[in-house]
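Shown next, in structure tokens, is the structure this report addresses.
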């Protein structure tokens, strides 16, 4: 049995997660970490990558820490299929809002109603 070696990158010594000047540094680290963790969950990774790691509802980053739910663009109750073309990743709270408010979500975000 092969065991993969996982390299951990040290945080820069003077990096401060509470200093706004370091915000981009920590966002890039989190994005790299999330990408690595999702690589072995192909469907989730594909969806995450298609969306550039962004929730189409709130436009914030989807990370391992924030969590995610798969959402069917055409709801399954309306005949929607379980395919990548019909799925988007949403934050759990965004997903609850979509269903409670009966919002329509597409690949690019919230869709305007009639």
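Results, tabulated for the structure shown:
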{"quantity": "Subset of region 56-76 (residues that are closer than 18 Å to residue 102 by Cβ and touching a helix residue (DSSP H, G or I) at 6+ places or on another chain (Cβ under 6 Å))", "calculated": "57, 58, 69, 71, 72, 73, 74"}
{"quantity": "Residue satisfying condition, being out of contact with any strand residue (DSSP E or B) (no Cβ under 8 Å at 6 or more places or on another chain) and either crowded, with 17+ Cβ neighbours inside 10 Å or under 12 Å from residue 95 (Cβ atoms) (or both), within set 63, 77", "calculated": "63"}
{"quantity": "Filter result for the condition that a residue is modelled with pLDDT of 90 or more, surrounded by fewer than 15 Cβ atoms within 10 Å (Cβ to Cβ) and out of contact with any helix residue (DSSP H, G or I) (no Cβ under 6 Å at 6 or more places or on another chain), over 86, 93", "calculated": "93"}
{"quantity": "Looking only at region 13-40, and only at residues there that are surrounded by 11 or more Cβ atoms within 10 Å (Cβ to Cβ) and not in a helix (DSSP H, G or I), the one that is nearest to the chain's Cα centre (by Cα)", "calculated": "39"}
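The values are calculated or read from the model by the stated rules, or taken from the named source; none is laboratory data. Keep in mind the model is a prediction, meaning the values are calculated, not measured. Cβ sites come from the backbone with ideal geometry, for glycine too, and all protein chains shown count toward neighbours.
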